[in-house]
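For reference, the structure discussed in these notes is given below.
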Amino acid sequence: GQNIDQPTEMTATEGAIVQINCTYQTSGFNGLFWYQQHAGEAPTFLSYNVLDGLEEKGRFSSFLSRSKGYSYLLLKELQMKDSASYLCAVRDQAGANNLFFGTGTRLTVIP
Amino acid sequence: EPEVTQTPSHQVTQMGQEVILRCVPISNHLYFYWYRQILGQKVEFLVSFYNNEISEKSEIFDDQFSVERPDGSNFTLKIRSTKLEDSAMYFCASSEGQLSYNEQFFGPGTRLTVL
């Protein structure tokens with residue numbers, strides 16, 4: 001089966017940096033996605049990794065280590081609007097379209 | 001900016017009734033998906049659709065579920081006889097292709113409540 005683990009909740013201060021970790025055990029691997037989901041809304045795409053290393057996109061960066069089955073999402077210069085759930089999702093095989101999601105990490109940004 | 005749209009935003013139905021959830025994917029996208037999210041739980045894959053047929057489906061997508069692209073724009077999910085445990089947010093998504101980097105764009109969701 002597919003297993004994707006994330007911390008359930010995190011709290012961080014406005015202006016700070018926060019790292020949200022994700023570990024996965026899947027039968028195959030063909031890409032890892034991070035989505036942001038505000039309460040009651042749809043997930044929105046943040047980042048994609050398929051090769052090892054860091055992908056930077058403005059205030060957001062995502063890192064992948066395929067050998068360790070590990071990724072993290074780094075959020076810099078936190079803003080209040082960053083309070084949301086952050087979903088780690090894995091596509092487990094080439095040609096497969098579906099994503100396997102973790103339970104998400106609910107981030108609360110405090111002043 | 002193009003977006004995936006879904007109707008209705010909220011559907012309330014009685015157990016055993018049929019419901020149809022509607023989606024309009026982004027116009028140049030070729031792959032369509034349905035996911036569901038039970039309140040407080042993770043997003044779960046239901047089915048993917050390409051070239052007018054199902055390309056993959058999960059164990060959740062049993063005989064009570066069906067999908068259809070009745071015209072060039074709509075993509076529907078039908079639940080034939082709803083159960084209490086079908087209460088969830090249902091998200092439609094679409095992607096341009098099936099390459100690994102093709103992100104899936106999600107619609108705003110339909111909240112289904114089965115009484």
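The values are calculated or read from the model by the stated rules, or taken from the named source; none is laboratory data. Here the structure is a predicted model, which means the values were calculated and not measured. For neighbour counting, all protein chains shown are included, and Cβ atoms are generated from backbone atoms with ideal geometry for every residue, glycine included. Heavy atoms of the whole protein, side chains included, go into the accessibility calculation; ligands, DNA and RNA do not. Shrake-Rupley method; radii C 1.70, N 1.55, O 1.52, S 1.80 Å.
Yes/no matrix, rows are residues, columns are (1) more than 8 Å from every other protein chain (Cβ to nearest Cβ); (2) within 15 Å of the chain's Cα centre (by Cα):
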residue	(1), (2)
A:26	yes, no
A:36	yes, yes
A:44	no, yes
A:79	yes, no
A:86	yes, yes
A:99	no, yes
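A quick yes/no check of all residues on (1) under 22 Å from residue B:37 (Cα atoms); (2) among the small types (Gly, Ala, Ser):
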{"position": "A:23", "(1), (2)": "yes, no"}
{"position": "A:84", "(1), (2)": "yes, yes"}
{"position": "A:87", "(1), (2)": "yes, no"}
{"position": "A:92", "(1), (2)": "yes, no"}
{"position": "A:98", "(1), (2)": "yes, no"}
{"position": "A:111", "(1), (2)": "no, no"}
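Conditions (1) under 30 Å from residue B:111 (Cβ atoms); (2) hydroxyl-bearing (Ser, Thr, Tyr); (3) in contact with a strand residue (DSSP E or B) (Cβ under 9 Å, 6 or more places away or on another chain), marked per residue:
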| site | (1), (2), (3) |
| --- | --- |
| A:24 | yes, yes, yes |
| A:53 | no, no, yes |
| A:60 | yes, no, yes |
| A:70 | no, yes, yes |
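Here is a check on your reading of the model: is residue A:16 under 18 Å from residue A:105 (Cβ atoms) and not in a strand (DSSP E or B)? Write out each step before concluding.
Numbers: under 18 Å from residue A:105 (Cβ atoms): yes; not in a strand (DSSP E or B): yes.
Considered against the rule, which asks whether it is under 18 Å from residue A:105 (Cβ atoms) and not in a strand (DSSP E or B), residue A:16 comes out as yes.
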Restricting attention to segment A:85-111, which residues are hydrophobic (A, V, I, L, M, F, W, C) and open to solvent by less than 10 Å² (accessible area, probe 1.4 Å)? A:87, A:88, A:89, A:90, A:96, A:99, A:101, A:107, A:109
For residue A:10, work out the one condition from (1) of a type in the set (A, V, I, L, M, F, W, C); (2) part of a loop (DSSP other than H, G, I, E, B); (3) more than 24 Å from residue B:3 (Cα to Cα) it doesn't fulfil. (2)
From B:49, B:105, which residue is farther than 24 Å from residue A:40 by Cβ, within 11 Å of chain A (Cβ to nearest Cβ), touching a Ser or Thr at 6+ places or on another chain (Cβ under 7 Å) and crowded, with 17+ Cβ neighbours inside 10 Å? B:49
Just to be sure, is residue B:8 more than 14 Å from chain A (Cβ to nearest Cβ) and at pLDDT below 95? no
